[in-house]
Amino acid sequence: MEHIQDALANKGHVVAESGTGSGKTICSLAPALEFALRKKKKVLYLTRTNSQQKQVIIELRKVNEKKKVFGLGLQGRQNTCRLLEDRPDLRSGSAEELSKVCGDLKKLTLDGGKGCKYYANLLDRETARIRKHAVKALPTVEEFADLCGKEGNVCPYEANKALLRETAVVTAPYVYFFSPMIRRSLLDWMGVHISDLVVIVDEAHNLADYARELKSWDLSVRALELAALEAREIGDPKLHEDMHISEFCHMLSGMIKAIAGEYVIDEDGLVPPKEVETRVMSYITGTSRDVKVLVGNMVTHGDIIRERKRKRGKLPRSHIFKTALFLQDWMMLEESEYAKLVIGGDNPCLETYCLNPAVTTDVLNECHSSIHLSGTLAPLIEYRDSIGLPEETMCISLPSPFPKENRIILYPEGITTRYETLARDKDMVPRMKGIINDVLTRFRRNTILFFPSFSLLAQFSDISEGTGRDCYFEEQGMTQEELMATVHDFKLGDCSVMFAVMGGRISEGIDFPDRELEIAVLVGIPFPKPTARQRSLLNYYDVKFGKGWEYTVKAPTVRKMMQSIGRLLRRESDRGAALILDQRMVQFKADVPEAKLSADILSEIDGFFNISD
Ligand code: SF4
């Protein structure tokens, strides 16, 4: 807490690694709020998931018991716009599209037309009761929406927005701060200048990847088919001389397939500079200026479509517009900050991949202070550098509050999932399966097998047949409901086995307290795949910090492992054994000092549980 207080007093930033059970939320929220109330600042607590957001509200209620403070949670229209219940055609709308539809409907309502009935309800009603209840109860977003339903069926999104100016703290998803357009609106609703904002970033180990994704775009063959279809629906206008939009889309589609054929190795490839521009120029037999004019024409046609749809109350979406914007970005983006990739597979695409998360996160330096929290953030300097925080940022690593003896981490010799070894040594996988079988046979406790990838998981899935235990699988593309149902069933057992992946939703976001999980087996080290994307990232960090391997391979690998192992201990009384089936663990000894090379894994686990039982 003192570090946070110091940072707040000095307009500084704090990066803190602190394990589960250390009370990260309250330890950051309480001093930030105390400071904000005293110095007329506001706090924005950013979370990745709805459950983290709920946790912030629960902690806020505890603060409120001692000192009155008002705060609210905020979620996008996708979750809180009541009109989406009546208009399924709007449900797939992006934040920007829904914002436009909503803006038009509100204007129509204000002009006396048939706009949005939930907004009309809000205008018609006295909302003092909603405000009074919110100030008193500090509802979660879901509770606030229920309240709005009971109090005259008013729009929860707008009712919430109207109260933000009175809040001292708002908790919202990352996008509310890191998307410039949404941030401007939020600061306006909160009535605060960015320099008076204290930002807390929860689960900060996600931030760099999130920030890169926010600034990365792609153009796929399927998206081009939709653009061509859209063009035909409006009479297929000409773009350049005799070339129509659908023909241009068809050409782009063929070009992407050809580039993929030439440059993709395994899953992706780097596109040489000016390759796309040169091919387009050659196709239209024009200059680079002609290409720019052509793409500009495409933007205009797309914009007209969006406006027409908007006037009809539809989502203002145009595939032609999206295609043209992508091409403009592709031609204009700073090559040193982005990798231009081609991705193979059934639906090949071009991608502008943002290498520098600070393009998005630099804005943190405009705040009064920022506080970054996670259970697995080491190496902290890498995090600080990656997201562009200043050198004087306080980086602190707090010890786990749980007794050290509650967990053992073991790894054996002579075992590895190294790609070359697996290809050469055909006994390696059977040997690993043998070890896993021994563990599952000897210790009838809830166990998760964590794999570096779904493809490796598939190679080991036959283990489930001989265990005589209930086995569950995390699967690619599972909906959240399906995943939670699977996890629920796994937790009900006392000797169930789960097959999951490191870096997946189970390893990163689900708690397994008490005996819900007692053994975690990491089947290999989750090194990033040596794709073109990964190589570009490594080169970028080598040039920028001289630490390509440390920042883009080692750090994310350790975080993924520690997230998985971290599932074992969620409460002080929990005990658990982690087994890492890969001798390359020795490279990470300094990062995971408690990991121990073991010549007899079974006896050591036996001894550990005999003491604990
Ligand atoms: S006013 Fe509310 S309910 Fe109506 S469209 Fe906007 S967000 Fe949806």
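The values are calculated or read from the model by the stated rules, or taken from the named source; none is laboratory data. Worth saying up front: this structure is predicted, and the values here are computed from it rather than measured. Virtual Cβ from ideal backbone geometry, glycine too; neighbours counted across all protein chains shown. Ligands, DNA and RNA are stripped out before the accessible areas are found, and what is left, the full protein with its side chains, is counted by its heavy atoms. Shrake-Rupley method; radii C 1.70, N 1.55, O 1.52, S 1.80 Å.
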Selected residue (only one of Gly566, Gly548, Gly503 is touching a residue at least 60 places away in the same chain (Cβ under 8 Å), surrounded by fewer than 24 Cβ atoms within 10 Å (Cβ to Cβ) and touching a helix residue (DSSP H, G or I) at 6+ places or on another chain (Cβ under 7 Å)):
Gly503
On the given criteria, is Leu239 open to solvent by less than 30 Å² (accessible area, probe 1.4 Å) and within 16 Å of the ligand (Cβ to nearest atom)?
no
All but one of (1) closer than 26 Å to Asp268 by Cβ; (2) surrounded by 15 or more Cβ atoms within 10 Å (Cβ to Cβ); (3) modelled with pLDDT under 95 hold for Ile343, so report the exception by its number.
(3)
Does Ala595 meet the test of being at pLDDT below 95, open to solvent by 70 Å² or more (accessible area, probe 1.4 Å), farther than 28 Å from Ile265 by Cα and not hydroxyl-bearing (Ser, Thr, Tyr)?
no
Confirm whether Glu96 is without any contact (Cβ under 8 Å) to a residue 40 or more places away in the chain, closer than 22 Å to Val170 by Cβ, more than 9 Å from the ligand (Cβ to nearest atom) and assigned by TED's automatic domain parsing to the domain that holds Ala36.
no
Say we look at the range 103-114 and pick out the residues that are of a type outside the set (Lys, Arg) and out of contact with any helix residue (DSSP H, G or I) (no Cβ under 6 Å at 6 or more places or on another chain); which of these is nearest to the ligand (Cβ to nearest atom)?
Leu105
Got a sec? Which strands (runs of 3 or more DSSP E) wholly within the range 289-401 have at least 3 residues that are of a type in the set (S, T, N, Q) and over 22 Å from the mean Cα position of the chain (by Cα)?
none
Being under 28 Å from the mean Cα position of the chain (by Cα) and either at negative phi or not assigned by TED's automatic domain parsing to the domain that holds Ser288 (or both) narrows Leu229, Leu187, Leu239 down to just Leu187
Expected single match for buried (at least 21 other Cβ atoms within 10 Å of the Cβ), under 25 Å from the mean Cα position of the chain (by Cα) and under 24 Å from Thr323 (Cβ atoms) among Leu197, Leu219 is Leu219
Could you check, for the range 560-577, whether at least one of its residues is of a type in the set (Lys, Arg) and part of a helix (DSSP H, G or I)?
yes
Given the options Tyr383, Tyr411, name the one that is surrounded by 22 or more Cβ atoms within 10 Å (Cβ to Cβ), over 28 Å from Thr49 (Cα atoms) and either in contact (Cβ under 8 Å) with a residue 12 or more places away in the chain or outside the structural domain of Glu604 (by TED's automatic domain parsing) (or both).
Tyr411
Per the filter on the range 211-229, residues out of contact with any strand residue (DSSP E or B) (no Cβ under 6 Å at 6 or more places or on another chain) and of a type in the set (A, V, I, L, M, F, W, C) are Ala211, Leu214, Val221, Ala223, Leu224, Leu226, Ala227, Ala228, Leu229
From the list Glu233, Glu275, pick out the single residue that is out of contact with any Cys (no Cβ under 9 Å at 6 or more places or on another chain), acidic (Asp, Glu) and more than 30 Å from Ala339 (Cβ to Cβ).
Glu233
Taking interchain pairs and intrachain pairs at least six residues apart, which have beta carbon atoms under 7 angstrom, with the first residue in the range 474-498 and closer than 16 Å to Glu508 by Cα and the second open to solvent by 80 Å² or more (accessible area, probe 1.4 Å) and of a type outside the set (Gly, Ala, Ser)?
Leu483/Arg505
Report the residue count in the range 61-85 for those that are surrounded by 12 or more Cβ atoms within 10 Å (Cβ to Cβ) and either near the ligand (Cβ under 10 Å from one of its atoms) or assigned to a helix (DSSP H, G or I) (or both).
13
Output the residues belonging to the range 36-58 that are in contact with a helix residue (DSSP H, G or I) (Cβ under 7 Å, 6 or more places away or on another chain), assigned to a helix (DSSP H, G or I) and open to solvent by 20 Å² or more (accessible area, probe 1.4 Å).
Gln55
Flagged in the range 115-170 as small (Gly, Ala, Ser) and either within 16 Å of the ligand (Cβ to nearest atom) or not assigned by TED's automatic domain parsing to the domain that holds Phe70 (or both), in numbering order, are Gly115, Ala120, Ala145, Gly149, Gly152, Ala159, Ala162
Just need a number here: residues in the range 516-545 that are of a type in the set (A, V, I, L, M, F, W, C) and either open to solvent by less than 10 Å² (accessible area, probe 1.4 Å) or out of contact with any Ser or Thr (no Cβ under 9 Å at 6 or more places or on another chain) (or both).
8
Please work out which one of (1) free of Cβ contacts under 8 Å to residues at least 12 places away in the same chain; (2) touching a helix residue (DSSP H, G or I) at 6+ places or on another chain (Cβ under 9 Å) is the condition Glu465 fails and give its number.
(2)
Just give me the residues in the range 109-122 being within 21 Å of Glu85 (Cα to Cα) and either surrounded by 12 or more Cβ atoms within 10 Å (Cβ to Cβ) or touching a strand residue (DSSP E or B) at 6+ places or on another chain (Cβ under 7 Å) (or both), in sequence order.
Thr109, Gly115, Cys116, Lys117, Tyr118, Tyr119, Ala120, Asn121, Leu122
Log entry, pairs with first residue in the range 287-306 being among the polar types (S, T, N, Q), second being not in a helix (DSSP H, G or I), beta carbons closer than 6 Å, six or more apart or on different chains, reads Asn297/Leu239
How many residues does the range 123-148 hold that are open to solvent by less than 30 Å² (accessible area, probe 1.4 Å) and not polar (S, T, N, Q)?
9
Scan the range 269-286 residue by residue and report those that are open to solvent by 40 Å² or more (accessible area, probe 1.4 Å) and part of a helix (DSSP H, G or I).
Thr278, Arg279, Met281, Ser282, Tyr283
